1. Assuming R0 = 56 Å, can you tell me the calculated FRET efficiency for the pair Thr198 and Glu128, based on Cβ-Cβ distance, to the nearest 0.05?
2. Could you name the aspartates and glutamates whose alpha carbon sits less than 12 Å from that of Lys94, not counting residues in the same chain fewer than 8 places away?
3. Mind checking which lysines have their Cα closer than 20 Å to the Cα of Lys396? Skip sequence neighbours fewer than 8 apart in that chain.
4. Compute the FRET efficiency between Lys169 and Lys64 as 1/(1 + (r/R0)^6), taking r as their Cβ-Cβ distance and R0 = 60 Å, and round to the nearest 0.05.
5. Give the shape of segment 256-330 as rounded, prolate or oblate, defined through the alpha-carbon gyration tensor: a ≥ b ≥ c are the square roots of its eigenvalues, a/c under 1.5 means rounded, and otherwise the shape is prolate if a/b is larger than b/c and oblate if not.
6. What ranking of His316, His32, His151, His124 emerges when the number of other C-beta atoms within 10 Å of each C-beta is taken as an exposure proxy, fewest first?
7. If I fit a long axis through the Cα atoms of helix 234-254 and take the longest principal axis of the Cα atoms of the chain, what angle between them do I get, 0 to 90°, rounded to 10?
8. Suppose each label sits 7 Å from its Cα in the direction of the beta carbon; what would the Ala157-Arg447 distance come out to in nanometres?
Amino acid sequence: MTRPFLAKDLTAIILAAGGGSRMKSQTPKPLHKVCGKEILNMILDAVELSGIEYSVTIVPSDYKLFEISVGNRTRFEVQGQAKGTGHALLQAKKAAKNSQFILVLNGDIPLISPETISQLISLHQEKESTATFLTNRKDNPLGSGRVIRTHKGAVEAIVEERDADSEIKDVTEVNCGVYCFEAPWVWSALESLKPSSTNEFYITDLIALALEQNLRVETLETDRQEETINVNDRIQLAEAEALLQQNIRAKWMKSGVTLVDPTSTYIEQGVNIGEDTSILPNTHIQQGSTIGRNCQIGPDTTVKASAIGDKSKVTHSVIENASLGTKVSVGPFSRIRAGTVLENNVYVGNHAEIKNSTLGSESKCGHFSYIGDAIIGTNVNLGAGTITCNYDGLTKLKTVIGNNAFIGSNTMLVAPVNVGENAVTGTGSIVNKNVPDGARAIGAPVRIIQGGRS
């Protein structure tokens, strides 16, 4: 067993400047998402969880999208011309010049684990190698560089698919694109590399150079094929998604969450779900969502970046960037939009839409309603067909309804407007003026009658 590695004087370098032409996308390949998170952010997660504190990411000249997706969690260095992985690595020399070791990862391996990274570095430091790289035996090694060994098992070469004959293509051990190097050696070695026939420089040539110089080269073989999957096209992206989805589902079921039909349940990374919650088929729980205990979510429901409290129920509905308290019921066929807060024991019926509004505890919103930019008090009844007319063509305007108010069916509330506590609006009313506490508002437009509920 290898010792825990020493993180001091170690820099992780992620190669993310490649064009990714096989993705056929305006989005750089490392910024495509697997289960809701960018590939590059997943690799950075693994690096940081392994204990490495400093990283450099090699990016193309236009890297604005990288800054948006990743922020300042890594240092960016630019590879102005696509001249191969060896040339890309050389761009990190200045940023990592003070490190004794460097870890190099291709920017297309989203499922690499922090444990494997730690094991690779520990082996490298323990064996005092010049170069150590990760290998795996693949059932279908098509497209991968083959690891060729001597009869004694020592590494002899890495042969890329394009250079392999039929015998070499039968080799199943492949290079995974994760390396650890002695930093002083690698910087000088990169300067001495010769270009390929396409005028590119490759990291695999560093392994050949180390072997030529009789320096120590070690490998770590992982038996987890899924963590070494490369994403070069949409097919491989879908394969990575399926593998990670399977792991995520298993994790939540082991944690006490019921997935009625796991294969039709989609749960992204960065989600939290409480015990004894049931997720019904065709439901998507997206990144940034938190769901409490004893909830029922679905079927046919999407929850995006939202918090749902204990014992709540959401059926055939969409919840996005919203907050739901305990014992809240939504749907079926409703949409709770960004900025909405539904406090404890709120009920929202079918075919309702609520946007940027707060509904106080015990309040009810009937079906076929639209509530936008409103503050609704506690124990308010919003009858079926209630509409807040919150847009005047220029700005969004606010509606405020006091505690214990009763809003009759098909009431139209023309904002800005206030409806007082214990007030009542009649069915089909158009409320275009403030309604005092305890008053009744009837008609289109309304007449105010003092004395609310009898």
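1. Numbers: r = 35 Å, r/R0 = 0.62.
So, using R0 = 56 Å, E works out to roughly 0.95.
2. The qualifying aspartates and glutamates are Glu77.
3. Lys355, Lys433
4. Numbers: r = 41 Å, r/R0 = 0.68.
About 0.90, to the nearest 0.05.
5. Numbers: a/c = 1.28, a/b = 1.16, b/c = 1.11.
Rounded is the answer for segment 256-330, as its axis ratio a/c remains below 1.5.
6. Details: His316 17, His32 20, His151 6, His124 26.
Result, fewest neighbours first: His151, His316, His32, His124.
7. Tilt of helix 234-254: around 70 degrees.
8. That separation, rounded to one decimal, is 9.9 nm.
No lab work stands behind these numbers, since they all come straight from the coordinates. These figures come from a predicted structure and were not determined experimentally. Cβ coordinates were reconstructed from backbone atoms using ideal geometry, including for glycine residues, and neighbour counts include every protein chain displayed.
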